[in-house]
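The next block holds one structure in the form of structure tokens; read it before the comments.
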Amino acid sequence: MKTLFVVSGGDAPGINNVLGNYVRLASQNGDTVLGAQGGFPGLLDNQIVPLTYDTLIPWMGRGGSLLASSRDPVLNQTEAGERIRAILRENEVDNIVLFGGNGTLRYIPPLLRNWGIPCIGLPTTIDNDVPGTEMTLGFDSACNFTYHAIDGAMATAHALRGRIFLVETLGGTCGNLALAVAHGADAHAVILPEYEYEDSWLSERVSAVLKRDGYALVVICEGSRGARTLADDIAKWTGIRVRDVRLGHAQRGGIASHRDRVLAAHMARTAYTALKNGVQTGITVVQSGKVTLYESLLPQAAIMPDQALYQEINNIS
Ligand code: F6P
């Protein structure tokens, strides 16, 4: 069996571990693994490289991806399907393993299925916004990265009382990542794109916790009102200077956590076994904490951050 790996969309910690685990499994069984350099634009350009375990060893655990990705929607082009089929034939590829987040997994597997190309999708994004799975690859590492940043700020919260801290996470328009770290870091407030709030409420909440705890920690998801504007507003309301910590891509590129490395190992085995068994279309999902194969296209469900948890953190009844 010859498998081609393609990375599409944002990179995430754990991708290199999947590559390493899959390549080791495949080579032990006499199978071959290739990778497209530069996502689907790279594939359309026949940028295909062999993947060997030796090459992957130094990459295991590192953030990002040995195989470059792309966000260019090149599969809309007419003839894209024909061209991909021809390139796969030329390279004697039997099937594809696709890394991607919500956008990629909604859009690309249906196309590949129409073109008769077997594909297993691996939900890979720090955003944890893929329907049907409890946990995407990279999410846990991104949470851990955030705790390092917040713990640093908390040292000052203890040493210099009366400060307000605003930490902005990635996550796009999905608040799952911000909500999870706000919970884990015991933040006083969390601002998410999915839920509206009144300025007067936030102003009162920050002032009250400052008085009670001697500091205030607010976590905001990048897809809500920008952290910079909010920092200025909170400073205006309270008369206290607010420094905003914007984690940006640093949050996405950190080392893979233990949990993500284990998830990566299970994803690799599940995808490999499915393809060996002739599965044509599927996604690896985590259900009740276990990695299994969902033998279909991605369910088209909406993802909403847990409202009860949002209310609990924000002390809203
Ligand atoms: O991959 C998901 C994500 O990291 C989001 O959290 C973020 O909004 C987006 O990608 C950033 O994308 P880019 O790297 O293209 O700026």
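Here are a few things to note about the model shown:
- Shape class of segment 140-252 from the alpha-carbon gyration tensor: oblate, with a/c at 1.5 or above and b/c at least as large as a/b.
- Cα long-axis angle, helix 139-159 against the chain (0 to 90 degrees, to the nearest 10): 20 degrees
- Nearby lysines by direct alpha-carbon distance to LYS276 (threshold 26 angstrom, same-chain neighbours under 8 apart not counted): LYS2, LYS290
- Coupling constants for segment 67-79 follow from the phi torsions by the Karplus curve (6.51 cos²θ - 1.76 cosθ + 1.60, θ = phi - 60°), and in residue order they are 8, 5, 10, 7, 10, 6, x, 6, 6, 6, 5, 5, 6 Hz; glycine and proline get x.
- Debye log10 I(q)/I(0) for segment 53-178, one point scatterer per Cα, at q = 0.09 Å⁻¹: -0.40
- Helix 258-276 axis versus longest C-alpha principal axis of the chain: approximately 30°, rounded to the nearest ten.
- Shown in residue order for segment 238-254 are the 3J(HN,Hα) couplings computed by the Karplus curve 6.51 cos²θ - 1.76 cosθ + 1.60 at θ = phi - 60°: 9, x, 10, 4, 10, 9, 9, 9, 9, 6, x, 5, 4, 5, 7, x, x Hz (x for Gly and Pro).
- Note on LYS290 and ARG241: the model spin-label points, each 7 Å out from Cα along the C-beta direction, lie 5.5 nm apart.
- For segment 53-124 and segment 274-309, distance of Cα centres in Å: 17 Å
- For GLY35, residues with placed amide H under 5 Å, excluding near neighbours: PHE5, VAL49, LEU51
- Tensor-based shape of segment 54-106 (alpha-carbon gyration tensor, a/c under 1.5 rounded, otherwise prolate or oblate): oblate
- Rel. contact order, % - alpha carbon contacts under 8 angstrom, at least six apart, the chain: 23 percent
- With contacts taken as Cα pairs under 8 Å and at least 6 residues apart, segment 140-252 reaches a relative contact order of 38 percent.
- The charge dipole of segment 140-252, taken about the Cα centre with unit charges on the Cβ atoms of Lys, Arg (+1) and Asp, Glu (-1), comes to about 460 debye, rounded to the nearest 20.
- q = 0.10, 0.11, 0.12, 0.16 Å⁻¹, the chain: log10 I(q)/I(0) [Debye, one scatterer per Cα]: -0.60, -0.69, -0.79, -1.18
- Amide H contacts under 5 Å for VAL245: LEU166, VAL167, GLU168, restricted to partners 5 or more places along the chain or on a different chain, H placed in the peptide plane at 1.01 Å from N.
- Here VAL262 and LEU111 are evaluated by their C-beta separation; at R0 = 45 Å the FRET efficiency comes out at 0.90.
- Axis of helix 102-114 versus longest Cα principal axis of the chain: the two differ by about 20°, to the nearest ten degrees.
- Segment 1-73: C-alpha gyration tensor shape, a/c 1.5 cut-off, then a/b vs b/c: oblate
Taken together, the values in this text are just the output of simple stated rules run on the coordinates, not laboratory data. Predicted model only: the values in this text are computed from it and were never measured. Glycine also receives a Cβ, built like all others from the backbone with ideal geometry; neighbour counts cover every protein chain displayed.
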